[in-house]
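Asks: Have a look at this one.
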Amino acid sequence: MPIVQFAPLSSLVEPAFWHALTDLKIDVLRLDDAAVPLTASYAAGRSVTDRETGRAISLGCNLSLGGEAFRPRLQLPPHSVPVAGVFKNFNTIEDFKAADKTALVNAVTDEIWKSIVGERSTAQLSRFLLITFADLKKYKYYYWFAFPAFVAKPAWEIDGEWKAADAEFNEATLETIQKELHTNPRPFFLVRTSSGKPELAPVEEYDTFFANVPEEQHTVAFLDPSAAPANPGWPLRNLLAFLRALHPAATARVRVLCWRDTEPPAAPGGWKSRFGVLHQGAEGLLAEKPAAVGWEKNVQGKLAPRMADLAPMMDPTRLADQAV
Amino acid sequence: MHAIQQQYWAVRDYLSPVLRESKFKEHGRITPEEFVAAGDFLAYKFPVWSWERGDASKARDYLPADKQYLVTRGVPCLRRATALAYTDADEDAERLLSFGDLSSTGNEADEWVETHTGRSTAHDSAANPGEIHEIPDADADDAAGDGGVAGAMGGLSLGDKGVSVGDIPDMDDIPDMEEEDLEADEDEATAAPAASAAGSGGLEPCDVEVAKGNLLQVRTYDVMITYDKYYQTPRIWLIGYDENRTPLTPAQIFQDVSADHAFKTVTIEPFPHSATLQAASVHPCKHASVMKKVIERMNQGVIEEQQARKAAGGAPAQKDKRGKWLFRRASGNGKDDKAGTPSEEDVEGMRVDFYLVVFLKFIASIVPTIEVDSTTAF
């Protein structure tokens, strides 16, 4: 049985965010390095067809952070779901380097775990951490994201392999889900088909929603930021941890739908969503907070911060140079 | 000098009157109301586009507060325009898009060259092997970044103690932190960049590189369409990210602009709906005249079609047909086969709602590798 491998989230920071950070740092935070809440978002994974080779190319599994991230009520890009996070800016590069990153990420995982076992809510499942040092004079921003995900022990395995969603669900079901998510995007949801009609519900209603439904019709679904055919996106990890922690009896085997269809398919049968049946041994029960992973790697694939150099787009002298 | 020029533009923009009268068929310019209508249609038909309100202090009062500009994010750009190396063999793929036959100006400047029309997989490795080295980055950061792709693919060598010095010059002694214990080197459930090759249907960008021996750098762009009050046309803005999601420099953005237009019609300018943001923009001074010619052409076809349909009596499967036209760019073949645009019931010609759809097809000729014309991609 192959082990399920999850596609990690990768951060996509719009330049507008760095501008917003600059303003925030100068006008509001100044030397304050307290944590600030912020909101990012992700949408269903996309793939494009290379016109020259005809092959599908998966675009990244992105979490994007826009210029409005610090606003309490931001306007999300269409079909995206919000993700709450913690932002911490350091005043010096030394502080940034010396920061106790383990403690910071632990604080975040504690909150996620508390939201699972305490509030029994999925709202904080994808909570993330961003630490930065902004070198405002040079327009350089050092940053490091963490997308904490609980490690399942033993790892989840999949029966067979991931298959197209329309191999499992009929067109009508998929169309219903598509319509529902089109108007009301949600990160995690449940699907059941009672008397031929598909129904959706929040994951929090697991017990009542699946009360009289045969087990082979329980489906757990999530908005999947990954577009890789064999890799579900990162948010599924914490969703599975949530299910194992709260519904241990029913979730040794989970039918998972990775929802990736923002639009109805152009051609019939062209659904991009994936479906798989995952299982984990009975010993995988969660009594206490499991270990977590999820620091984002830099461009070399190493565990180190990234840097955005915006001097070419922000430095007035360099802009003047290239202007005609 | 540049600052003065920008001030001048700002003043000129401020002073120029808002266009009130609908004249898009006469000279290709549209009113703010028509911009909103066309934008609504675009956002409705292709939901990757959405309205934004932008910076409140920069809001234009002739546009609705929540419909200041249109944006679509993460538009893929698989290859560099500079990588579409132009060889003699490509000449037959080159067509003059002459709009002169309708307006009969006979003026050469009215003709646009559409290149690479019949291009297929031809230009691979052998034709232009050195593509990757052409990136004219002055700073070492980016050069190291490019090498880093290979490093990232090479495996999950998390145990490596030395962080590459070239990457982040000021932070060369970042300790490999204790997170390693928590981290992925033992996490079998993390999909490695290379491990995802296993799938059959889709490919990760890095696999394509390997498979073709030709670096395919999938960049993404955020594309914005604003309304330019002075030129009375839409105006397009680009913010790019490389395959590592680092913002692109102007020089890198110009690689995605066809050589005829880089530095001439495409420049970096302050984005009008933000206090600080800079973005690459296609200068709109020629938009109106080009749009006028495209619209004239299409309008002719639309009217003929509508009359034909009226004569035949009934409006068969109108919705289908429109859909077909809108999704047609798959062939990549340009503008002169667009004549058969079905539109509304009456013989009124092309509706202004289509303006932005047409506009995007025109922009696609300036930035050939950025798939701004999303009508087929999603």
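Asks: Restricting attention to segment A:18-68, which residues are of a type in the set (Ser, Thr, Tyr), under 30 Å from A:Ala98 (Cβ atoms), surrounded by 22 or more Cβ atoms within 10 Å (Cβ to Cβ) and touching a residue at least 60 places away in the same chain (Cβ under 8 Å)?
Replies: Passing the criteria: none in range.
Asks: Let me ask another. Could you pull out every one of the helices (runs of 4 or more DSSP H) wholly within segment B:1-78 that has 2 or more residues that are over 19 Å from B:Pro284 (Cα atoms) and more than 9 Å from chain A (Cβ to nearest Cβ)?
Replies: Correct list: B:32-45.
Asks: Let me ask you something else. Filter segment A:177-202 down to the residues that are touching a Pro at 6+ places or on another chain (Cβ under 9 Å) and outside any helix (DSSP H, G or I), then identify the one that is farthest from A:Ser126 (Cα to Cα).
Replies: Result: A:Arg192.
Asks: Could you pull out the residue among B:Asp256, B:Asp222, B:Asp228, B:Asp260 that is farther than 21 Å from B:Asp353 by Cβ, in contact with a helix residue (DSSP H, G or I) (Cβ under 6 Å, 6 or more places away or on another chain) and among the charged types (D, E, K, R)? Lay out the reasoning, then the answer.
Replies: Values: B:Asp222 fails: in contact with a helix residue (DSSP H, G or I) (Cβ under 6 Å, 6 or more places away or on another chain); B:Asp228 fails: farther than 21 Å from B:Asp353 by Cβ; B:Asp260 fails: in contact with a helix residue (DSSP H, G or I) (Cβ under 6 Å, 6 or more places away or on another chain).
Only one candidate qualifies: B:Asp256.
Asks: Testing A:Ala84 on (1) within 19 Å of A:Ala146 (Cβ to Cβ); (2) surrounded by fewer than 19 Cβ atoms within 10 Å (Cβ to Cβ); (3) within 9 Å of chain B (Cβ to nearest Cβ), one condition comes back false. Which one is that?
Replies: A:Ala84 satisfies every listed condition except (3).
Asks: List the number of the failed condition for A:Leu74; all other conditions in (1) modelled with pLDDT of 80 or more; (2) more than 10 Å from chain B (Cβ to nearest Cβ) hold.
Replies: Status for A:Leu74: all satisfied but (1).
Asks: Of the residues A:Pro229, A:Pro225, A:Pro268, A:Pro264, which single one is in a loop (DSSP other than H, G, I, E, B) and away from chain B (no Cβ under 13 Å)?
Replies: When all the criteria are applied, what remains is A:Pro268.
Asks: Can you find even one residue in segment A:284-304 that is more than 30 Å from A:Tyr143 (Cα to Cα) and within 7 Å of chain B (Cβ to nearest Cβ)?
Replies: Filtering segment A:284-304 for residues more than 30 Å from A:Tyr143 (Cα to Cα) gives A:284-288.
In the following step, the residues that additionally are within 7 Å of chain B (Cβ to nearest Cβ) were identified as none.
No, the conditions are met nowhere in segment A:284-304.
Asks: Please indicate, with yes or no, whether at least one residue in segment A:292-301 is closer than 22 Å to A:Pro2 by Cα, touching a helix residue (DSSP H, G or I) at 6+ places or on another chain (Cβ under 6 Å) and not basic (Lys, Arg).
Replies: Within segment A:292-301, one or more residues are closer than 22 Å to A:Pro2 by Cα, touching a helix residue (DSSP H, G or I) at 6+ places or on another chain (Cβ under 6 Å) and not basic (Lys, Arg).
Asks: Please determine whether any residue of segment A:281-292 is among the acidic types (Asp, Glu), surrounded by fewer than 20 Cβ atoms within 10 Å (Cβ to Cβ) and either touching a residue at least 40 places away in the same chain (Cβ under 8 Å) or under 30 Å from A:Glu171 (Cα atoms) (or both). Steps first, please.
Replies: Kept after step one, since they are among the acidic types (Asp, Glu), are these residues of segment A:281-292: A:283, A:288.
Keeping just the survivors that are surrounded by fewer than 20 Cβ atoms within 10 Å (Cβ to Cβ) gives A:283, A:288.
Then drop every residue that is not either touching a residue at least 40 places away in the same chain (Cβ under 8 Å) or under 30 Å from A:Glu171 (Cα atoms) (or both), which leaves A:283.
Checked segment A:281-292: at least one residue is among the acidic types (Asp, Glu), surrounded by fewer than 20 Cβ atoms within 10 Å (Cβ to Cβ) and either touching a residue at least 40 places away in the same chain (Cβ under 8 Å) or under 30 Å from A:Glu171 (Cα atoms) (or both).
Asks: Now for a different question. Looking at segment A:245-260, can you tell me whether even one residue there is farther than 24 Å from A:Val83 by Cα and of a type in the set (S, T, N, Q)?
Replies: yes
Asks: Any idea which residue in segment A:203-222 is modelled with the highest pLDDT, counting only those that are over 20 Å from A:Ala165 (Cα atoms), part of a loop (DSSP other than H, G, I, E, B) and in contact with a strand residue (DSSP E or B) (Cβ under 9 Å, 6 or more places away or on another chain)?
Replies: A:Phe210
Asks: Continuing with this model, one more query. Regarding A:Asp27, is this residue touching a strand residue (DSSP E or B) at 6+ places or on another chain (Cβ under 8 Å) and more than 10 Å from chain B (Cβ to nearest Cβ)?
Replies: no
The values are calculated or read from the model by the stated rules, or taken from the named source; none is laboratory data. Given the structure is predicted, the values throughout are model-derived calculations rather than measurements. Because the Cβ atoms are built from the backbone with ideal geometry, glycine has one as well, and the counts that use them run over all protein chains shown.
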